[in-house]
Amino acid sequence: MVNFALREMKKRPIPIVIWLFLLPLFVAGMYILAMRLQGLIRYDPSYFTGHYQELYPSPGAVASAIELALHDNTPSTFAELTGLRYKMRPPQPNPDVHLMLALKVTDTGYYQYLFFNVKTYQRIVYNVKEVNGRWILVPRDPYYFLDSGDWLLFFVPAVTIWWSLLAVVAAGTAIFRLAARFREQLYGPDKS
């Protein structure tokens, strides 16, 4: 039975349009798999001891620590705040940036805090989430976009455009082939 199916597949290969249709789903699957695997080794266990759980027991404590770290220019504090194995590039220190308010709490458990630069009026949002019994600052990296669900804000429109373009090209190709077949039946084979 399997040999029969393989022979039939060799006779009629799957059209490239179907492969192109499935390409975004494959890319999304690879992205999800890569980020989930990274999530297994993302955090440094030394930042999740009882000391850090007491130091950052709430999202507000992390937001206050972010403001102090921005004022004092202490990159090591950002390593503590994120709890990551890899060292993220800390934000530019700026004593003019102040914590304004808790902007919102998302459905995925992220607390978004709005910071405001009083000289340039620039607004900055930092995300805080509970991980392994303590609250951390979550950098806006590919893992954050998957974990928060924000990746769908890019993926859904992009895949819709991709599939629409494929449908237009497939329909155009089908119409062209149908017209060529009709022309051949009407006028005979093309002799050029």
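The values are calculated or read from the model by the stated rules, or taken from the named source; none is laboratory data. Since the model is a prediction, treat every value here as computed from it, not as a measurement. Don't worry about glycine lacking a Cβ; one is built from the backbone with ideal geometry, like all the others, and counts go over all protein chains shown.
Take the residues in the range 68-96 that are touching an Asp or Glu at 6+ places or on another chain (Cβ under 7 Å) and at pLDDT 90 or above, then tell me which one is nearest to Glu54 (Cα to Cα).
Gly83
Looking only at the range 135-160, how many residues end up being farther than 25 Å from Val105 by Cβ and surrounded by 11 or more Cβ atoms within 10 Å (Cβ to Cβ)?
Filtering the range 135-160 down to residues farther than 25 Å from Val105 by Cβ leaves 157-160.
Of the ones still in play, those that are also surrounded by 11 or more Cβ atoms within 10 Å (Cβ to Cβ) are 158-160.
Matching residues across the range 135-160 total 3.
When the range 46-105 is examined, which residues are found to be among the aliphatic types (A, V, I, L, M), touching a helix residue (DSSP H, G or I) at 6+ places or on another chain (Cβ under 8 Å) and in a helix (DSSP H, G or I)?
Result: Leu55, Ala61, Val62, Ala65, Ile66, Leu68, Ala69, Ala79, Leu81.
Being in the same structural domain as Gly50 (by TED's automatic domain parsing), touching a Phe, Trp or Tyr at 6+ places or on another chain (Cβ under 8 Å) and of a type in the set (A, V, I, L, M, F, W, C), is that true of even one residue in the range 109-120?
Yes, the range 109-120 has at least one match.
Please go through (1) more than 23 Å from Thr106 (Cα to Cα); (2) exposed (fewer than 15 other Cβ atoms within 10 Å of the Cβ) for Thr77 and return the number of the only condition it doesn't satisfy.
With (1) more than 23 Å from Thr106 (Cα to Cα); (2) exposed (fewer than 15 other Cβ atoms within 10 Å of the Cβ) applied to Thr77, the lone miss is (2).
Just checking, which of Thr108, Thr120 is touching a Ser or Thr at 6+ places or on another chain (Cβ under 6 Å), among the polar types (S, T, N, Q) and not in a helix (DSSP H, G or I)?
After ruling out the rest, the residue left standing is Thr108.
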